[in-house]
Amino acid sequence: MKKVITLKHIARELEVSISTVSKALKNSEEISRETKERIQAYAKLYNYRPNNIAVSLKNKRTKNIGVIVPDIVHHFFTTVVRGIETYANSKGYNVIVCLSDESFDKEVINMEMLANGSIDGFIMSLAMETQLKNDYNHLKEITEQGIPLVLFDRVTDQIECDKVVINDREGAYMAVKKLVENGRKKIALITTDNYLSIGKERTDGYRNALRDCGITVNENLILSLPQMRMDEGAISDFYDREEVDAVLCVHEIFAMYSMRVALKKGLKVPEDVEFIGFTDGILSKYAYPSLTAIAQHGEKMGEIASEMLIEKIESEKEEETYRTEVIQSTLVERESTLN
């Protein structure tokens with residue numbers, strides 16, 4: 001059976017631009033007869049059929065942007081959506097937000113629902129289950145249809161598109177260095193499974209900082225928990241089993257639970273054990289004691305993602321180029337660490 005072929009496939013195989021392929025298939029006078037015949041023959045051989053979704057999007061903009069996030073409760077994603085909407089609205093675009101709820105199936109369904117001519121492009125952060133499955137065919141199909149896509153925070157190298165991330169590795173490195181400077185030697189890490197890109201990057205930063213500070217990485221001080229599933233018993237057992245004087249958590253919810261368990265065990269924060277968590281959301285600011293955090297600058301991330309997408313939607317360039325914007329994280333010091 002012959003493979004399904006797209007404009008991008010034809011352009012790649014014949015070493016011409018996508019615009020040239022499109023014009024040749026429309027029998028445009030701008031394209032030489034020889035080139036038209038070559039492209040049309042190739043398209044006929046592989047039974048090329050134009051994609052109606054891509055055609056409708058190209059010919060008529062909806063001025064709508066589709067945004068798919070894994071979790072709307074998490075303060076970080078709320079701030080990203082706010083940043084997306086602020087910039088998009090200033091450019092005359094509306095924002096349609098869908099929730100994948102960390103589900104691969106819901107992520108695919110949301111994309112299929114919106115990619116029917118309802119939107120001009122997508123901004124999204126990958127669902128946990130999508131990264132676990134390592135299945136990105138739905139994203140490849142979207143980009144091959146010519147629908148612009150920007151990934152943020154949770155991204156993959158398997159998809160060619162624009163991306164916006166923070167320097168997760170550097171953020172974790174900075175946090176561990178702060179703890180070491182405060183005299184801490186038994187620094188624990190509470191993280192997620194490594195199939196999540198953010199968990200892996202932050203774990204690598206933790207390991208690198210310890211090594212550079214001359215501290216041997218103790219694998220027993222690394223506790224991996226399912227994303228966003230609090231297990232107070234596992235954390236309590238971890239404290240009973242291991243002696244720690246500081247804890248770095250890959251997001252603030254882990255940090256809040258971990259700090260709560262430590263306090264219930266009679267430990268003093270920050271005198272006995274210090275805590276740092278990623279995100280710097282509402283929980284970090286209003287907890288007691290307040291949490292020292294790595295700020296992810298979600299609103300700025302959303303604004304940049306929105307700007308990148310609208311730029312791609314409105315671009316008349318024939319050649320496709322992609323870039324990754326890296327936002328520098330910052331350490332916000334509060335009561336859970338010694339100043």
Query raised in the report: Can you tell which of Leu309, Leu263, Leu331, Leu283 is at negative phi and in a strand (DSSP E or B)?
Result: Leu331
Query raised in the report: Among the residues of the stretch 306-339 satisfying the criterion of being out of contact with any Gly (no Cβ under 6 Å at 6 or more places or on another chain) and β-branched (Val, Ile, Thr), which is modelled with the lowest pLDDT?
Result: Thr321
Report summary line: If we keep only residues of the stretch 70-83 that are in a loop (DSSP other than H, G, I, E, B) and of a type in the set (A, V, I, L, M), then the residue surrounded by the fewest Cβ atoms within 10 Å (Cβ to Cβ) is Val73
Query raised in the report: Which residue pairs have Cβ atoms under 6 Å apart, sit 6 or more places apart or on different chains, and have a first residue in the stretch 64-80 that is within 17 Å of His297 (Cα to Cα) and a second that is part of a loop (DSSP other than H, G, I, E, B) and of a type in the set (S, T, N, Q)?
Result: Val69/Ser125; Phe76/Gln296
Report task. Among the residues of the stretch 165-197, write down those that are part of a loop (DSSP other than H, G, I, E, B), surrounded by fewer than 16 Cβ atoms within 10 Å (Cβ to Cβ) and charged (D, E, K, R). Result -> Lys185, Lys186, Asp193
Report task. Out of the residues in the stretch 304-339 that are touching a residue at least 40 places away in the same chain (Cβ under 8 Å), among the polar types (S, T, N, Q) and surrounded by 14 or more Cβ atoms within 10 Å (Cβ to Cβ), state the one that is farthest from His75 (Cα to Cα). Result -> Thr337
Query raised in the report: Can we say Ile159 is hydrophobic (A, V, I, L, M, F, W, C), over 29 Å from Val81 (Cα atoms) and in contact (Cβ under 8 Å) with a residue 12 or more places away in the chain?
Result: no
Query raised in the report: For the stretch 37-69, which residues satisfy the criterion of being crowded, with 21+ Cβ neighbours inside 10 Å and at pLDDT below 95?
Result: Ile39, Leu57
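Being under 18 Å from the mean Cα position of the chain (by Cα), in a helix (DSSP H, G or I) and either modelled with pLDDT of 95 or more or surrounded by 22 or more Cβ atoms within 10 Å (Cβ to Cβ) (or both) is true for just one of Thr86, Thr130, Thr143. Which residue is that?
Checking each option against the conditions leaves just Thr130.
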Requested in this report: Only one of these is in contact with a strand residue (DSSP E or B) (Cβ under 9 Å, 6 or more places away or on another chain) and closer than 25 Å to Asn167 by Cβ: Cys213, Cys249. Name it.
Outcome: Cys249
Report task. Assess whether Ala188 counts as being over 19 Å from Glu102 (Cβ atoms) and modelled with pLDDT of 95 or more. Result -> yes
Query raised in the report: Scanning for something modelled with pLDDT of 95 or more and under 19 Å from the mean Cα position of the chain (by Cα), does the stretch 248-262 turn up at least one residue?
Result: yes
Query raised in the report: On the given criteria, is Gly205 in a helix (DSSP H, G or I), farther than 21 Å from Ile68 by Cβ and in contact (Cβ under 8 Å) with a residue 60 or more places away in the chain?
Result: no
Query raised in the report: Considering the stretch 271-303 alone, what residues qualify as being of a type outside the set (Gly, Ala, Ser), crowded, with 21+ Cβ neighbours inside 10 Å and touching a residue at least 40 places away in the same chain (Cβ under 8 Å)?
Result: Glu274, Phe275, Ile276, Phe278, Thr279, Asp280, Leu291, Thr292, Ile294, Gln296, Met301, Glu303
Requested in this report: Mind listing just one residue for me: the one in the stretch 203-220 that is crowded, with 21+ Cβ neighbours inside 10 Å and in contact with a Lys or Arg (Cβ under 7 Å, 6 or more places away or on another chain) and, of those, farthest from Met256 (Cα to Cα)?
Outcome: Ala209
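Return yes when Leu267 is surrounded by 15 or more Cβ atoms within 10 Å (Cβ to Cβ), closer than 23 Å to Ala209 by Cα, not small (Gly, Ala, Ser) and not assigned by TED's automatic domain parsing to the domain that holds Arg154 and no when it is not.
When the stated conditions are applied, Leu267 does not pass them.
The values are calculated or read from the model by the stated rules, or taken from the named source; none is laboratory data. Keep in mind the model is a prediction, meaning the values are calculated, not measured. Reconstructed Cβ throughout: ideal geometry from the backbone, glycine too, with neighbour counts over all protein chains shown.
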